[in-house]
């Protein structure tokens, strides 16, 4: 083997290693630095569970966005859809709005998930069968879903839930004796991630998703029902938004039509940081999970360091731009 070939192989191996594990090292670095700067607060178990609890709605939403990005699309309507699903769930969980009766817990949960699925269906039909670019279609849905949330709620937050519904977003579960309790939202997020992982990495549907993102024309020629798969991807994304909305509504103890602002961009950032690419055909659920953890730790660290909220917005926006810019640079290298 020539020296030039050896250097090329080593360079490729290093790049592959960094692309695969860079986020792990960044997370470890952040944890070590914050543990040194705030040893009395940051490295505590309660703080880590709080980080997970806070980022769960966006994290669950990011799972759905990952599917959209892998097929070569995107979804800018997620935050507004979460607001819509939130007021639907709140409406069904509020006894005063249901003739004084209390629906079973399953009803508001199904209501939110189905509401998200309906919005996703509309997105999917417009994108797949209407051939409207995902950016435009979901940008329009952003306004539609927010307006629908305002109409259903009358522009006001809806609260007054029973303790069972509140437990979803604020409860603690002790899985095994002697082990500290884990927030219920974290358990829901992990279960959602497992479901997303199975669908994307262990099913024929996931194979089709990667095939469409890699080369849509080749996928059509090979007999894949591209339009149907795309449509189902957006339905699935909407259902994940519904799950995120349930957690958010329960945790905040109200369904707020103004909730979910900027959630869509943060969810997309989680997916891009986790390795998903706007070029399509690339992305992993595990990466999105780590991306959500990164965003959660970043927000928690800035809060502990008492960073001005305005500067926090600037930092988060810079992370979003940096993540997309890095993705574009990787795409140029591949081509």
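Among the residues in region 275-289, are any touching a residue at least 24 places away in the same chain (Cβ under 8 Å), assigned to a loop (DSSP other than H, G, I, E, B) and more than 18 Å from residue 324 (Cα to Cα)? There is no residue in region 275-289 that is touching a residue at least 24 places away in the same chain (Cβ under 8 Å), assigned to a loop (DSSP other than H, G, I, E, B) and more than 18 Å from residue 324 (Cα to Cα).
If the condition is being over 12 Å from residue 87 (Cα atoms) and in contact with a strand residue (DSSP E or B) (Cβ under 7 Å, 6 or more places away or on another chain), then region 220-266 contributes no residue at all. Only a single item in (1) free of Cβ contacts under 8 Å to residues at least 40 places away in the same chain; (2) within 22 Å of residue 249 (Cβ to Cβ); (3) over 17 Å from the mean Cα position of the chain (by Cα) is not met by residue 187, and it is number (3). Against the condition crowded, with 24+ Cβ neighbours inside 10 Å, touching a helix residue (DSSP H, G or I) at 6+ places or on another chain (Cβ under 8 Å) and over 23 Å from residue 51 (Cα atoms), how does residue 238 come out, does it pass? Against the criterion (crowded, with 24+ Cβ neighbours inside 10 Å, touching a helix residue (DSSP H, G or I) at 6+ places or on another chain (Cβ under 8 Å) and over 23 Å from residue 51 (Cα atoms)), residue 238 qualifies.
When 58, 82, 71, 31 are checked against the criterion of being surrounded by 17 or more Cβ atoms within 10 Å (Cβ to Cβ), out of contact with any strand residue (DSSP E or B) (no Cβ under 6 Å at 6 or more places or on another chain) and over 22 Å from residue 146 (Cα atoms), a single residue qualifies: 71.
Of the set (1) without any contact (Cβ under 8 Å) to a residue 24 or more places away in the chain; (2) within 26 Å of residue 293 (Cα to Cα); (3) part of a helix (DSSP H, G or I); (4) in contact with a helix residue (DSSP H, G or I) (Cβ under 9 Å, 6 or more places away or on another chain), all apply to residue 137 but (2).
Using the structure shown, decide if residue 169 is surrounded by fewer than 13 Cβ atoms within 10 Å (Cβ to Cβ) and out of contact with any strand residue (DSSP E or B) (no Cβ under 8 Å at 6 or more places or on another chain). Don't jump to the end; show me each part of the working.
Details: surrounded by fewer than 13 Cβ atoms within 10 Å (Cβ to Cβ): no; out of contact with any strand residue (DSSP E or B) (no Cβ under 8 Å at 6 or more places or on another chain): yes.
So residue 169 does not fit the description; no.
Only one entry of 254, 250 meets the criterion of being closer than 13 Å to residue 89 by Cβ and modelled with pLDDT of 90 or more, and that entry is 250. Here 126, 132, 144 are screened, and the one residue that is surrounded by 13 or more Cβ atoms within 10 Å (Cβ to Cβ) and not in a helix (DSSP H, G or I) is 132.
Could you tell me which of the residues 250, 318 is assigned to a helix (DSSP H, G or I) and out of contact with any helix residue (DSSP H, G or I) (no Cβ under 8 Å at 6 or more places or on another chain)?
Details: 250 fails: out of contact with any helix residue (DSSP H, G or I) (no Cβ under 8 Å at 6 or more places or on another chain).
Checking each option against the conditions leaves just 318.
Confirm whether residue 267 is outside any loop (DSSP other than H, G, I, E, B) and within 17 Å of residue 51 (Cβ to Cβ).
Values: outside any loop (DSSP other than H, G, I, E, B): yes; within 17 Å of residue 51 (Cβ to Cβ): yes.
Taking the combined requirement at face value, the residue satisfies it.
Residue 155 passes every criterion in (1) in contact (Cβ under 8 Å) with a residue 24 or more places away in the chain; (2) within 21 Å of the chain's Cα centre (by Cα) apart from (2).
Scanning region 190-208 for residues that are over 15 Å from the mean Cα position of the chain (by Cα) and over 16 Å from residue 238 (Cα atoms) yields 198, 201, 202, 203, 204, 205, 206, 207, 208.
The values are calculated or read from the model by the stated rules, or taken from the named source; none is laboratory data. Everything quoted here is computed from the prediction, not taken from an experiment. So basically every Cβ, Gly included, is an ideal-geometry build from the backbone, and we count neighbours across all protein chains shown.
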